[in-house]
1. What does the highest-first list of 11-23, 423-435, 153-165 look like by mean Cβ count within 10 Å?
2. At a 10 angstrom cut-off on C-beta neighbours, averaged per residue, how do the peptides 383-392, 304-313 rank from highest to lowest?
3. Quick one: the Cα spread of segment 159-261 along its three principal axes, in angstroms, biggest first?
4. Greater than 23 Å separation of Cα atoms is the criterion. Which listed pairs, Lys37/Lys73; Lys57/Lys77; Lys88/Lys208; Lys171/Lys230, meet it?
5. Using only Cα atoms, figure out Rg for segment 76-211 and give it as a multiple of 2.2 N^0.38 Å.
6. Under 4 °C and 1.567 mPa s, how fast does segment 223-379 diffuse according to Stokes-Einstein, given a Kirkwood radius computed over C-alpha pairs? Answer in µm²/s, whole number.
7. In debye, nearest 20, what is the charge dipole magnitude of segment 106-240 about its Cα centre with +1 on Lys and Arg Cβ and -1 on Asp and Glu Cβ, if you could check?
8. Using only the Cα atoms of segment 7-94, each taken as one equal point scatterer with no solvent, compute I(q) by the Debye sum, divide by I(0), and report log10 of the ratio at q = 0.16, 0.17 Å⁻¹.
Amino acid sequence: MALSIPESVIEDVKMRTDLVDLIASYGIQIRSSGSSKTACCPFHNEKTPSFHINERKGFYHCFGCGESGDAIKFVEKMDGLSFVEAVKKLAAPLGIKVEEKEDPEASRRKRLYSLMGEVAAFYRRCLVQTKEGAKAREYLVSRELDDKTCDDWQIGYAPAGAAVMLKWAEKHGYTPEELEEAGIIKAPQGPGDRGYHRFGGRLMFTIKDRQGRTVAFSGRQLVPDKKSGKYVNSPETPIFRKSSVLFAFDRAAAAIARSPNREGIVCEGQIDTIRLHTAGFTNAVASQGTAFTEEHAAMLKKAADSMVVMYDDDAAGHKATVKVARLLLALEMPVRTVTLPGGEDPDSFLRKNGAGALKKLVEGAESIVAFQMRAESAKEANPKSIDAVARISRSVLQTIACAKSAVLRASMLDEAARLMGLPLAAMREELSNVVAAQSRHPARPAPGSRNEEVDAVAAPEEGTKPAKELAIAPPSAEMAFMGFLMEHEYDAQLSAIVGEFLPPGVFAHGFTRRFVDVWRSECASGEDRLAAFGEMLSGDERKWFDTVLLSQGKTQESSLSADEIAGDFVRTLWRARLGRLRGDLSADGGDDMKRMKLTMDMKRLATIRWELVKDLVSEYI
């Protein structure tokens with residue numbers, strides 16, 4: 001069902017939610033210091049509080065890890081919920097009704113959700129009650145999966161033949177076409193055709209979406225048959241896309257979000273994941289094979305800050321581990337790996353050694369850099385030869401280059417140089433070459449990983465300086481101006497002034513231009529887009545944004561009104577703009593009359609009143 005939540009409802013939820021009480025309800029101790037409130041950040045480990053709460057604005061920001069947002073964002077992060085889920089959770093105790101509007105296809109999908117849930121219950125009964133399910137029960141005993149666990153995870157058995165499923169559908173009011181649309185059967189096509197049950201004779205694992213609704217199945221072969229695969233999975237349907245579902249994510253999301261380090265575990269199979277959960281590792285999910293996608297990474301990013309990859313210790317597992325790591329690093333998530341000894345998988349290791357042994361391995365998990373170097377070295381006949389070192393370092397650097405966080409990238413690069421015994425300067429130079437090569441063939445961004453509307457206003461405009469040149473911070477006047485705008489969010493009158501007197505070309509720095517664009521779009525929409533903009537930043541840009549946050553309130557010490565302060569900023573920024581124009585004229589050999597006029601205009605800007613600025617500015621816009 002598609003949800004349509006009016007902006008008025010969202011704003012009502014924000015306004016009526018006491019952010020301080022909300023944060024305290026998660027067991028976080030809040031300290032008061034004058035008008036400000038601080039706490040130790042729930043999103044990273046710290047002893048000195050750097051998590052600041054702006055009670056008046058309903059906004060929080062951590063100057064340690066950079067997390068920021070409003071009440072809705074806080075619930076999203078703490079509980080691993082989607083935006084809509086977080087709004088509904090906050091709205092319920094307030095008595096606010098969240099409008100739900102069905103789209104034209106909603107009734108069709110609703111029928112499929114209902115059908116899949118009832119089929120899962122039917123498969124479960126077939127496992128427990130039928131003679132035909134005996135072989136499946138024997139298999140589960142051999143894997144030490146008891147009835148309680150099987151019931152909890154809705155493990156079942158699919159009877160052979162399409163006729164059984166057609167009879168079941170008729171009894172429960174579903175059509176053969178609906179069974180086929182759900183991916184359960186291939187319906188009969190004519191006289192004599194009995195159809196085909198996709199999962200007939202298999203042990204069944206129920207696959208659920210983020211909301212806990214049954215959307216698909218995975219059937220394991222019980223009798224060896226070379227003509228059929230070991231596992232058969234549901235095809236994509238109107239309610240199931242493989243790239244948007246992780247096994248057990250409906251259970252693990254909240255556990256990941258509330259774990260001390262917000263760290264999750266990703267492994268390969270359903271039984272491995274079930275075993276991990278029953279052993280207490282409730283932050284585990286499975287990619288169901290090695291088909292881990294950008295969309296899966298974006299899903300995990302909503303709940304996790306880092307991930308542990310626990311794939312098989314073979315060539316395919318090594319390759320899949322590196323692929324997963326690169327996708328996660330692109331979303332600024334550090335990755336560690338656990339390699340189980342003796343070719344064990346999580347299920348077999350836990351049954352033999354227990355949860356304590358695996359906990360030690362997870363605590364001592366190696367970095368993706370160390371893992372990849374070890375895996376790549378194992379493929380080389382002479383890993384210390386010049387050619388082998390070049391290949392290994394190149395492969396590791398391609399992984400490091402995927403890290404968007406400057407700090408994470410630098411840390412990984414230091415580790416790689418140390419482990420390989422190579423000069424850091426040489427590794428840094430080679431990394432620049434790898435990054436340049438990747439920029440010529442950029443990877444597709446993770447679907448749905450960012451707000452497209454925010455991206456549009458935050459993207460560097462054409463003709464701005466390359467990213468590495470932006471290491472120079474914006475001028476102090478522009479930093480102060482951004483702090484002033486941050487202090488006067490949603491001020492439509494001020495937005496009109498900025499739009500009229502300060503076109504983008506006035507600002508010397510690309511970061512300032514992007515910030516002002518986001519601020520103006522926030523004023524127009526009433527949405528908290530600056531917070532979203534800040535969350536997208538990393539490296540130097542994140543530091544500049546934090547500096548802007550810290551500068552809030554300094555202009556309020558003046559006795560001038562907001563309009564008068566804005567006038568001062570307009571004059572200051574236009575003086576800088578005219579100074580650059582004069583410099584350009586001098587460099588280009590412009591005529592003396594133009595230089596003289598610019599000089600006079602600069603002097604006039606320094607002395608004229610705010611009411612007269614418009615006349616002068618209009619000559620240059």
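Just so you know, all these numbers are worked out from the coordinates, no wet-lab data involved. Not measured: the values here are computed from a predicted model. Cβ coordinates were reconstructed from backbone atoms using ideal geometry, including for glycine residues, and neighbour counts include every protein chain displayed.
1. On the way: 11-23: 16.2, 423-435: 14.3, 153-165: 21.2.
Most protected by this proxy first, the peptides run 153-165, 11-23, 423-435.
2. Descending mean neighbour count gives 304-313, 383-392.
3. 61, 34, 22
4. Details: Lys37/Lys73 18 Å; Lys57/Lys77 19 Å; Lys88/Lys208 20 Å; Lys171/Lys230 31 Å.
In this structure, Lys171/Lys230 lie more than 23 Å apart at Cα.
5. Numbers: Rg = 18.8 Å, N = 136, 2.2 N^0.38 = 14.2 Å.
Here the Cα radius of gyration is 1.32 times the empirical estimate.
6. Estimated via Stokes-Einstein, D reaches 81 µm²/s.
7. Dipole size: approximately 120 debye.
8. -0.59, -0.67
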